[in-house]
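Each remark here refers to the structure printed beneath this line.
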Amino acid sequence: MVRMLLTGNAAAAWGARLADIDYVPAFPITPQTEIIESLAAWFADGTLQGKFVTLDSEHAMMTAAGAAAATGVRTFTATSSQGLLYAMEALYTIAGWRAPLVLVNVSRGLSAPITLGPDHNDVLAARDTGFVQIHAETCQEVLDSILMAFHIAEDSRVWAPVLVNLDGFYLSFTRESVDIPDEAAVRSFLPAYQPKHPVFRASQPMAQGVAVLDSSIYSYFRYQLHRAVENAGPVHAEVSARFQAQFGRPYGAIETYDTDDAETLLVMAGSFATKGKAAVRHWRRQGKRVGLVRLRLIRPLPVRELTEVLSGRRAVAVLDQSLSPGLGGILYHEIAAALAASPQRPQVLRSFIGGLGGKDISQAEFDYLLEELETVKATPYFGQPELLFTERDRARVRQQLALAGKSPEGG
Amino acid sequence: MVLRIRFHGRGGQGVKTASRIVGTAAFLVGYQVQDSPVYGAERRGAAVVAFTRFGEEAILERGVIEHPDLIVVGDETLLANPAAGVMVGQETATAIFLNAESAQPLVEQYALSPSTIAWDLTRRTQAIVGVASALSVGLAAATARLVGLIPEAQLLSAVRRELMELHLPEGAIAKNLDLASEVFNALPSLEFPLRDGQETPQKISSVLYEGLLRGSPSILNTGNAEQRQTGAWRLERPEVNFEQCTRCGLCFLQCPDGAITLDQNGYPIIDYDHCKGCMLCQTLCPVQAILSKQEVRSW
Ligand code: SF4
Ligand code: SF4
């Protein structure tokens, strides 16, 4: 094992390298490009054996990735934001093929207006594709999750693609201390890929991704994909137990932080959960019984784990770094639905939107959120999602609107 | 305890590398570390910011450092440009390090905190490394010494590691190691009081529907790009010698930024708020009537 400072992007590249990938189709996009640059260098100097191919778009890249995975080679690729959306058709397609590959998405807010900072609207747009979805909080978790992701994807109970998400800038360009496991240890955790199912091979004719005009057959296969992604829940639990036994780092479908005696919980995902933990630490010092739940596995949604940890609490806030216009926070609605069947569901479940396009979330905004939970001014469920926004943000907007020639009064 | 350091400089002065050397050095000492640059106008001469945080416990912070303990400034000319944000959070900073010949005039001119320390990195970098703008190692060495928690040995290992990663030849690395030692031993160590992640107090503002015009990202008064003073990115300044200029108009036609206009008599007038200092005009001028004047010392 070597411990080094690595950016989230470098950690992703190391994860792929240690997984001994055979094939990488690539297309650049900020803030992901460093991942494929690192891999390209390792393929070029012979560190990695296999094939690195630059494609002409993310759509072609994703299709090539699926086709390669269908031949039984270990396939890795990465994209971000607009690129993920451009590949969207192929995401559904290759998940439907049941092509077990790993895709890294480096989150970045979607256009328009165009931005480079991270939020989760890009990755959550892929939540219905049939990809398993894992969200990392730290650079270490990026590397570890990629190793686990190949395991999950290639498990016969799943045999579906896995997406590992990391936030642009806050992780992609930030170096943190990362343990890079030994190759031998990784090989024993994740042996070389031996597909146990028929794959495309020379002199072994088969067809994949066939047209199905009959709706019952279509329904059947789509539902099979649902079952497969559901299976990724228990498989994730097994794989993380093995991972912990081998490398000592535990990864649950959800992570709990100071939840034991907490009356109030905050639910977050991704690297901003670190800021949420700082807020919890701050509140704990004031004697407040608050904790944090971080969603790591988003597909399959860990309904049982969420219900268990959230039930019996007085109030829960879901802080979404995404926004579905006309609905609100995406994870909020998923969690509210997950809790519907729990008789002990929290009395209050509030939706907050923060960190869109990478906007920082200050302690003042966290404090406001907690105050709102404590006072319960609005409806306890499905109230208006509140945007975490400060007077300072407002001043910036006012200044820019004036520059753009917009009147201060509205209209 | 977390120590927060913010580095400022211009694209090409090694600010990101400085933040990485300090990060690696602190990591080698055994601290928890986080370092990151902010990418913006990624070009030579534009203002660049990078951050290093380190401490004994897990760092529960991410992103920009608004209230640094130490502000490290590679280029004093950035002080004149408020958009560079060099002074943000200086009220709570324990110290400011300036790469400059002397602190006093700058402290007065820009109302900097009296605990500003200046040292002429440019001169020594030029003398030892041979490139005045190669400030990364000097900035990192100054930082390591000022914070007082990083011994020289770890600093030097970090310099070596980071420069090797950039594929610098051994000779250049050796010179940089000499520079690192000299800077490290020339500066004092300071005491940094422990403090929590400090923030500017903020009020919450609720967002309601504001109508189509204010609610959509359109621009009604176009042409406001003029307000972005890209001249701040300039390292060299073109100056026309009107005695020699034949008014051929070539520079006016070819300036890629449209920063040259012609006056009534056909003489070129340079708009220094927007001239980025590419010096194309100087290269093009058939009679060498355009001279270059260096504006940034560390280049
Ligand atoms: S230096 Fe470049 S930008 Fe400036 S006036 Fe000359 S050609 Fe234009
Ligand atoms: S190119 Fe030289 S001679 Fe021609 S107008 Fe410009 S400064 Fe004058």
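Could you check A:D393 against (1) under 22 Å from A:G287 (Cβ atoms); (2) of a type in the set (D, E, K, R); (3) at the interface with chain B (Cβ under 9 Å from one of its Cβ atoms) and say which number it fails?
Failing condition for A:D393: (1).
Return the residues of the range B:198-228 that are more than 9 Å from chain A (Cβ to nearest Cβ) and modelled with pLDDT under 90; say none if nothing qualifies.
Those that are more than 9 Å from chain A (Cβ to nearest Cβ) and modelled with pLDDT under 90: B:Q198, B:G223, B:A225, B:E226, B:R228.
For the range A:235-262, name all the residues that are without any contact (Cβ under 8 Å) to a residue 12 or more places away in the chain and within 29 Å of A:T93 (Cβ to Cβ). Give the steps one after another, and end with the answer.
Applying the first criterion (without any contact (Cβ under 8 Å) to a residue 12 or more places away in the chain) to the range A:235-262 yields A:238, A:241, A:244-245, A:248, A:250.
The one that is without any contact (Cβ under 8 Å) to a residue 12 or more places away in the chain and within 29 Å of A:T93 (Cβ to Cβ): A:E238.
Within the range B:215-234, is there a residue that is within 16 Å of ligand 1 (Cβ to nearest atom), more than 26 Å from A:A395 (Cα to Cα) and among the charged types (D, E, K, R)?
yes
Looking only at the range B:274-299, count every residue that is more than 30 Å from B:R123 (Cβ to Cβ) and away from ligand 2 (no atom under 15 Å from the Cβ) and tell me the total.
1
Filter the range B:18-36 for residues that are buried (at least 22 other Cβ atoms within 10 Å of the Cβ), farther than 10 Å from B:Q154 by Cβ and at the interface with chain A (Cβ under 8 Å from one of its Cβ atoms) and give the result.
B:R20, B:G23, B:V33, B:Q34, B:D35, B:S36
Search the range A:333-377 for residues being of a type in the set (S, T, Y) and under 27 Å from the mean Cα position of the chain (by Cα), and hand back the single one that is farthest from A:L387 (Cα to Cα). Show your work before the answer.
Kept after step one, since they are of a type in the set (S, T, Y), are these residues of the range A:333-377: A:342, A:351, A:362, A:368, A:375.
Still in the running and under 27 Å from the mean Cα position of the chain (by Cα): A:342, A:351, A:362, A:368.
Values: A:S342: 28, A:S351: 9, A:S362: 13, A:Y368: 11 Å.
Checking each candidate, the answer is A:S342.
Against the condition part of a strand (DSSP E or B) and at pLDDT 95 or above, how does B:S36 come out, does it pass?
Details: part of a strand (DSSP E or B): yes; at pLDDT 95 or above: yes.
Judged against the criteria, B:S36 is a match.
Can you go through A:G168, A:G233 and tell me which one is under 30 Å from A:E305 (Cα atoms), surrounded by fewer than 22 Cβ atoms within 10 Å (Cβ to Cβ) and touching a Leu at 6+ places or on another chain (Cβ under 8 Å)? Spell out how you get there, then give the answer.
On the way: A:G168 fails: surrounded by fewer than 22 Cβ atoms within 10 Å (Cβ to Cβ).
Of the residues listed, the single one that is under 30 Å from A:E305 (Cα atoms), surrounded by fewer than 22 Cβ atoms within 10 Å (Cβ to Cβ) and touching a Leu at 6+ places or on another chain (Cβ under 8 Å) is A:G233.
Take A:L356 and tell me if it is in contact with a helix residue (DSSP H, G or I) (Cβ under 9 Å, 6 or more places away or on another chain), more than 14 Å from every other protein chain (Cβ to nearest Cβ) and of a type in the set (A, V, I, L, M). Let's see the steps before the verdict.
Values: in contact with a helix residue (DSSP H, G or I) (Cβ under 9 Å, 6 or more places away or on another chain): yes; more than 14 Å from every other protein chain (Cβ to nearest Cβ): no; of a type in the set (A, V, I, L, M): yes.
Considered against the rule, which asks whether it is in contact with a helix residue (DSSP H, G or I) (Cβ under 9 Å, 6 or more places away or on another chain), more than 14 Å from every other protein chain (Cβ to nearest Cβ) and of a type in the set (A, V, I, L, M), A:L356 comes out as no.
Assigned to a helix (DSSP H, G or I) and either under 24 Å from A:K196 (Cα atoms) or away from chain B (no Cβ under 14 Å) (or both) - does that describe any residue in the range A:103-122? Steps first, answer last, please.
Restricting attention to the range A:103-122, the residues satisfying the condition of being assigned to a helix (DSSP H, G or I) are A:121-122.
Applying the additional criterion that residues be either under 24 Å from A:K196 (Cα atoms) or away from chain B (no Cβ under 14 Å) (or both) yields A:121-122.
Within the range A:103-122, one or more residues are assigned to a helix (DSSP H, G or I) and either under 24 Å from A:K196 (Cα atoms) or away from chain B (no Cβ under 14 Å) (or both).
For B:A289, are the conditions met, namely being at negative phi, of a type in the set (G, A, S) and within 9 Å of ligand 1 (Cβ to nearest atom)? Please lay out each step first, then the result.
Details: at negative phi: yes; of a type in the set (G, A, S): yes; within 9 Å of ligand 1 (Cβ to nearest atom): no.
Taking the combined requirement at face value, the residue does not satisfy it.
From A:A153, A:A207, grab the single residue that is under 24 Å from A:V229 (Cα atoms) and surrounded by fewer than 23 Cβ atoms within 10 Å (Cβ to Cβ). Break it down stepwise before answering.
On the way: A:A153 fails: surrounded by fewer than 23 Cβ atoms within 10 Å (Cβ to Cβ).
Among A:A153, A:A207, only A:A207 is under 24 Å from A:V229 (Cα atoms) and surrounded by fewer than 23 Cβ atoms within 10 Å (Cβ to Cβ).
Quick one: A:S107 ticks every box in (1) farther than 30 Å from B:I59 by Cβ; (2) of a type in the set (S, T, N, Q); (3) touching a helix residue (DSSP H, G or I) at 6+ places or on another chain (Cβ under 6 Å) except a single one, so which number is it?
So A:S107 meets the others, but not (1).
State all residues of the range A:169-201 that are part of a loop (DSSP other than H, G, I, E, B), among the hydroxyl-bearing types (S, T, Y) and at pLDDT 95 or above; if no residue qualifies, say none. Talk me through it step by step, then tell me what you get.
Restricting attention to the range A:169-201, the residues satisfying the condition of being part of a loop (DSSP other than H, G, I, E, B) are A:169-174, A:181-182, A:190-200.
After this cut, where a residue has to be among the hydroxyl-bearing types (S, T, Y) as well, the list is A:170, A:172, A:174, A:193.
Residues satisfying the conditions are A:Y170, A:S172, A:T174.
Return yes or no: is B:Y267 surrounded by fewer than 17 Cβ atoms within 10 Å (Cβ to Cβ), away from every other protein chain (no Cβ under 14 Å) and aromatic (F, W, Y)?
Working: surrounded by fewer than 17 Cβ atoms within 10 Å (Cβ to Cβ): yes; away from every other protein chain (no Cβ under 14 Å): yes; aromatic (F, W, Y): yes.
Taking the combined requirement at face value, the residue satisfies it.
With the condition kept exactly as written, say whether any residue in the range A:237-247 is surrounded by 14 or more Cβ atoms within 10 Å (Cβ to Cβ), in contact with a strand residue (DSSP E or B) (Cβ under 7 Å, 6 or more places away or on another chain) and at negative phi.
The answer is no, given that none of the residues of the range A:237-247 is surrounded by 14 or more Cβ atoms within 10 Å (Cβ to Cβ), in contact with a strand residue (DSSP E or B) (Cβ under 7 Å, 6 or more places away or on another chain) and at negative phi.
For A:T375, all conditions in the list (1) crowded, with 22+ Cβ neighbours inside 10 Å; (2) within 14 Å of chain B (Cβ to nearest Cβ) hold save one; what is the number of the exception?
Unmet condition: (1).
Please work out if B:K203 is in contact with a Ser or Thr (Cβ under 7 Å, 6 or more places away or on another chain), of a type outside the set (A, V, I, L, M, F, W, C) and surrounded by 15 or more Cβ atoms within 10 Å (Cβ to Cβ). Full working, then the answer.
Numbers: in contact with a Ser or Thr (Cβ under 7 Å, 6 or more places away or on another chain): yes; of a type outside the set (A, V, I, L, M, F, W, C): yes; surrounded by 15 or more Cβ atoms within 10 Å (Cβ to Cβ): no.
In short, no.
Restricting the search to the range B:60-87, which residues are of a type in the set (D, E, K, R), within 14 Å of chain A (Cβ to nearest Cβ) and crowded, with 19+ Cβ neighbours inside 10 Å? Steps first, answer last, please.
Going residue by residue through the range B:60-87, those that are of a type in the set (D, E, K, R) are B:61-62, B:66, B:69, B:75-76.
Applying the additional criterion that residues be within 14 Å of chain A (Cβ to nearest Cβ) yields B:61-62, B:66.
Passing the criteria: only B:R62.
Which condition number in (1) within 14 Å of ligand 2 (Cβ to nearest atom); (2) without any contact (Cβ under 8 Å) to a residue 40 or more places away in the chain is the one that B:E239 fails?
(2)
Anything in the range B:251-275 that is within 8 Å of ligand 1 (Cβ to nearest atom) and among the β-branched types (V, I, T)? List them, or say none.
Residues satisfying the conditions are B:I260, B:I270.
Report, by residue number, each residue of the range B:183-230 that is in contact with a Gly (Cβ under 9 Å, 6 or more places away or on another chain) and under 29 Å from B:D69 (Cα atoms).
B:V183, B:P188, B:S189, B:L190, B:E191, B:F192, B:Q198, B:T200
Taking the stated definitions as given, is A:A16 hydrophobic (A, V, I, L, M, F, W, C), closer than 17 Å to A:L171 by Cβ and in a helix (DSSP H, G or I)? Give the derivation first.
Working: hydrophobic (A, V, I, L, M, F, W, C): yes; closer than 17 Å to A:L171 by Cβ: yes; in a helix (DSSP H, G or I): yes.
So A:A16 fits the description; yes.
The values are calculated or read from the model by the stated rules, or taken from the named source; none is laboratory data. Values in this document were obtained by computation on a predicted structure and should not be read as measured data. For neighbour counting, all protein chains shown are included, and Cβ atoms are generated from backbone atoms with ideal geometry for every residue, glycine included.
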